[in-house]
Amino acid sequence: MTSDAVTGEPATPAAATLDTFAYDNRSVRDFIIATVVWGLVGMLVGVLIALQLAWPAANFDLPWLSYGRIRPLHTNAVVFAFAGNAIFAGFYYSLQRLLKARMYSDVLSRINFWGWQLIILAAAITLPLGKTTSKEYAELEWPIKIAIAVVWVAFGINMIGTILKRRERHLYVAIWFYIATFLGITMLHVINGLAVPVSFLKSYPVYAGVQDALVEWWYGHNAVAFFLTTPFLGMMYYFLPKAAERPIYSYRLSIVHFWSLIFLYIWAGPHHLLNTALPEWAQTLGVVFSVMLIAPSWGGMINGLLTLRGAWDKVRTSAVLKFLVGAVTFYGMATFEGCLLALRDVNALSHDTDWTIGHVHSGALGWVGLLTFGIIYWMIPRLCRTTLWSEAMANLHFWIATIGICIYAVAMWIAGITEGSMQLAFDSNSHLVYRDWSEIVRATIPFFWVRLGAGLIYLAGMVLCAINVFQTICHGKPVQDETVQAPPLIRDTEYVAQIDAALSKSGWRDFSTSMHSLVERWPAVMILFAAGALAIGGLCEIVPNMIQGALSPKIASVTPYTPLELTGRDIYIREGCSNCHTQMIRTLRAETERYGGQYTRPGEGIYDRPFLWGSKRTGPDLGREGVLRPSAAWHYYHLQRPSSMSTVTVMPNYPWLISDDMDLSDIGTKLAVLAGMPMFTPYKAADIEQAESNARAQALVVANELRKEPRLKDDKDLEKKEIVAVIAYLQRLGTDLGKPSPATVSTAGH
């Protein structure tokens, strides 16, 4: 059985007749243009939030421009708009050529394109308006999530339909990763997205507390795995051999890489929750499988880099190969770092710090970004029947992008290690060295400025890419339908005969490889096996944790939020406060000393929908805020102008909380929804019926406390304002467990 000289896929024997058909280049071109446009938007927003962290005045006291609201806009724009469109562009280009078939349905291709752009536009509108679930990489509210599911299924039908009507029997390695991408994201999106709507743009997840945390980080980690890793690995396996004009180094290694990666990755999510209230067994599973991931990850990196054997002279002159080599190198670095950060002792230092931010950007901008630029520079000249407008500009872009991400990562590594060391530091008398959080913020701000500079450098490279791509399109002759010919698919009996011949010729030496080729012969079997490999890890982690949560005894003193506190919590979520504050005191001595002697218990969050453990501390943890700082006036002035209460702060002002009236029109509906869920909140019928009146009564109590301040005594409408609800929520945090045992320390200055 012969094989293609570049991709290594089995060649189809010559046939008496050839089928004439056309590749759909229009969809590929449109996705490339969308990738570039949304890349500019996403990275520009990233530069803005980097500026806001270094210089809080850049929030401009505008709610829709505040850091907490637009930070998820940046992540969604880079992940789902920039990387998402790049995935579709690479898939649509390579899938047609690997299968020798036009996409299954032009209608589904257009639904995929326009539907995805409308989803991104909806995210760009709703997130700055504060319509968010607060769950990392899953912030979009339920109507948009349903739209994502519809568009994603349309894409999946289009892909699988193309596989079924293919003219090439062999499913090349890239297609395995494409199948795993579709299956993995479908499973993750559905399970993590289960929620009950309250209104058109408000819902509560069906999970609560610890269970919600596990499901979210099972999703969050594997969204990186199956949206930012497997699809780009598939594209690496196609575009790297094509650009290098060399076959993939090892087909056997690609088999091991694929199956071990998709099986192991799905287990690793709990390493995001080490030293927390998550059950110990789940944390241990996360650590073990995260460490094991280094083997398939580096196997893929080695397979990619060794494909270039004998082609290194081309790397020196080809901008495309530079980008691809740089991307694979960053992939190896990021995967090694991910395994390192999953170790308990390292995680105790790194978690909730900017080290994690640096790690994420090494993967997103180093691996995903560089690979995306490389495949765009490879595809666009071929789609436009011309050469790249400026090879020199593309080479300059490579060096600018690489320098930018390296500066970014190094700055965040140093900042993160500094933050973690200061948070955990004790003196010779076993007292916390840095009691005031402002000392940690002061040490970090210089690195925020370096990050801003690095982001501007990377953005400049994105601008060069946009110019080069659009000039190439303008100077070329784009072909929307590329006419090609290929022989029809050979019959199964002939294909089995080829396999038998290969086996007999090798004396069964290549038995495992040939058997895998048989699996590839039936897409349904490949899909079934891949789905099984993906489902095992999720089932073994999520189901026992749900059972454990349902059977665990409750803490008697933990009660549901009052209507006013629930309203304040929803405003807290709307403003994105969990982007900078955690509500999880880890089981580390430094944390219990700093926040009052009690780490967070699993039973504390049984009514928390969604959980708010956070993943980054720009400010201190708020899990015991109601005990450490019960003063309503302190919270009022701190939210109005943080710099008036803290010596060093990067927190934005929230003047609109003081001017805007709180909306209690749907508070009864919220309580009814929470009371009707499987893991229900025990609100009684009377609580639901009297929800608004109870909220206003508690608001009056808080407002009267505030009026004891001379500056606020004449504010007659104070009890109507949103800030009263937020204060009520903050005053509640930690009070269910009573007073902390040791003397508390200052956590001001955030």
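The values are calculated or read from the model by the stated rules, or taken from the named source; none is laboratory data. Bear in mind the structure is a predicted one, so any value in this text is a computation, not a measurement. Cβ sites come from the backbone with ideal geometry, for glycine too, and all protein chains shown count toward neighbours.
Can you find even one residue in segment 639-655 that is assigned by TED's automatic domain parsing to the domain that holds Glu575, farther than 23 Å from Ser557 by Cα, touching a strand residue (DSSP E or B) at 6+ places or on another chain (Cβ under 7 Å) and of a type in the set (Val, Ile, Thr)?
So far as segment 639-655 goes, no, none of its residues is assigned by TED's automatic domain parsing to the domain that holds Glu575, farther than 23 Å from Ser557 by Cα, touching a strand residue (DSSP E or B) at 6+ places or on another chain (Cβ under 7 Å) and of a type in the set (Val, Ile, Thr).
From the residues in segment 97-124 that are in a helix (DSSP H, G or I) and among the basic types (Lys, Arg), which one is surrounded by the fewest Cβ atoms within 10 Å (Cβ to Cβ)?
Selected residue: Arg110.
Which is farther than 21 Å from Leu324 by Cα and modelled with pLDDT under 95, of Pro56, Pro72, Pro10?
Numbers: Pro56 fails: modelled with pLDDT under 95; Pro72 fails: modelled with pLDDT under 95.
The match here is Pro10.
Residue-wise test of (1) within 26 Å of the chain's Cα centre (by Cα); (2) β-branched (Val, Ile, Thr); (3) within 17 Å of Ala466 (Cα to Cα).
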residue: Thr356; (1), (2), (3): yes, yes, no
residue: Gly374; (1), (2), (3): yes, no, yes
residue: Ile380; (1), (2), (3): no, yes, yes
residue: Leu388; (1), (2), (3): no, no, yes
residue: Gly416; (1), (2), (3): yes, no, no
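Just to confirm my filter: which helices (runs of 4 or more DSSP H) fall fully inside segment 563-659 and include at least 1 residues that are surrounded by fewer than 23 Cβ atoms within 10 Å (Cβ to Cβ), among the β-branched types (Val, Ile, Thr) and touching a residue at least 24 places away in the same chain (Cβ under 8 Å)? Walk me through how you get there before you give the answer.
Details: elements: 563-574, 589-595, 625-628, 632-640, 656-659.
Those helices (runs of 4 or more DSSP H) span 563-574, 625-628, 656-659.
Determine whether Trp355 is farther than 18 Å from Leu233 by Cα and assigned to a helix (DSSP H, G or I).
Criteria met by Trp355.
Quick one: which residue in Gly39, Gly68 is within 19 Å of the chain's Cα centre (by Cα) and either outside any helix (DSSP H, G or I) or more than 29 Å from Tyr572 (Cβ to Cβ) (or both)?
Matching residue, one of Gly39, Gly68: Gly39.
Can you give me the number of residues within segment 670-703 that are part of a helix (DSSP H, G or I), more than 21 Å from Gly576 (Cα to Cα) and within 31 Å of the chain's Cα centre (by Cα)?
4
Residue by residue, here is whether (1) within 27 Å of the chain's Cα centre (by Cα); (2) over 30 Å from Pro381 (Cβ atoms); (3) not in a helix (DSSP H, G or I) holds:
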residue: Pro231; (1), (2), (3): yes, no, no
residue: Met235; (1), (2), (3): yes, no, no
residue: Pro247; (1), (2), (3): no, no, yes
residue: Ile255; (1), (2), (3): yes, yes, no
residue: Ser260; (1), (2), (3): yes, yes, no
residue: Phe263; (1), (2), (3): yes, yes, no
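Do you know which of the residues in segment 426-453 that are of a type outside the set (Lys, Arg), out of contact with any strand residue (DSSP E or B) (no Cβ under 7 Å at 6 or more places or on another chain) and not in a helix (DSSP H, G or I) is nearest to Thr582 (Cα to Cα)?
Asp436
Name the single residue, out of those in segment 522-562 being among the β-branched types (Val, Ile, Thr) and part of a helix (DSSP H, G or I), that is nearest to the chain's Cα centre (by Cα).
The residue in question is Ile542.
Is it fair to say Glu391 is closer than 30 Å to Val320 by Cα and not hydrophobic (A, V, I, L, M, F, W, C)?
yes
Residue-by-condition table, conditions (1) of a type in the set (Lys, Arg); (2) at pLDDT below 95:
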residue: Gln96; (1), (2): no, no
residue: Lys131; (1), (2): yes, no
residue: Gly156; (1), (2): no, no
residue: Arg169; (1), (2): yes, yes
residue: Ile175; (1), (2): no, no
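I need the full set of residues from segment 299-327 which are assigned to a helix (DSSP H, G or I), of a type in the set (D, E, K, R) and touching a residue at least 60 places away in the same chain (Cβ under 8 Å), in order please. Talk me through it step by step, then tell me what you get.
Of segment 299-327, the ones assigned to a helix (DSSP H, G or I) are 299-306, 312-317, 319-327.
Still in the list and also of a type in the set (D, E, K, R): 313-314, 316, 322.
Correct list: Lys314, Lys322.
What are the pairs with Cβ atoms under 8 angstrom where one residue, in segment 533-547, is without any contact (Cβ under 8 Å) to a residue 60 or more places away in the chain and the other, located anywhere, is surrounded by fewer than 20 Cβ atoms within 10 Å (Cβ to Cβ) and of a type in the set (Gly, Ala, Ser)? Sequence gap at least six, or different chains.
Every condition considered, no pair remains.
Has segment 645-662 got at least one residue that is modelled with pLDDT under 95 and more than 21 Å from Ser66 (Cβ to Cβ)?
Yes: one or more hits.
Please find, among Ala174, Ala180, the residue that is buried (at least 19 other Cβ atoms within 10 Å of the Cβ), in contact with a Gly (Cβ under 7 Å, 6 or more places away or on another chain), aliphatic (A, V, I, L, M) and not in a loop (DSSP other than H, G, I, E, B). Talk me through it step by step, then tell me what you get.
Working: Ala180 fails: in contact with a Gly (Cβ under 7 Å, 6 or more places away or on another chain).
One residue alone meets the criteria, Ala174.
Among the residues of segment 720-728, are any at pLDDT below 95, more than 24 Å from Lys554 (Cβ to Cβ) and either of a type in the set (Gly, Ala, Ser) or in contact with a helix residue (DSSP H, G or I) (Cβ under 9 Å, 6 or more places away or on another chain) (or both)?
No.
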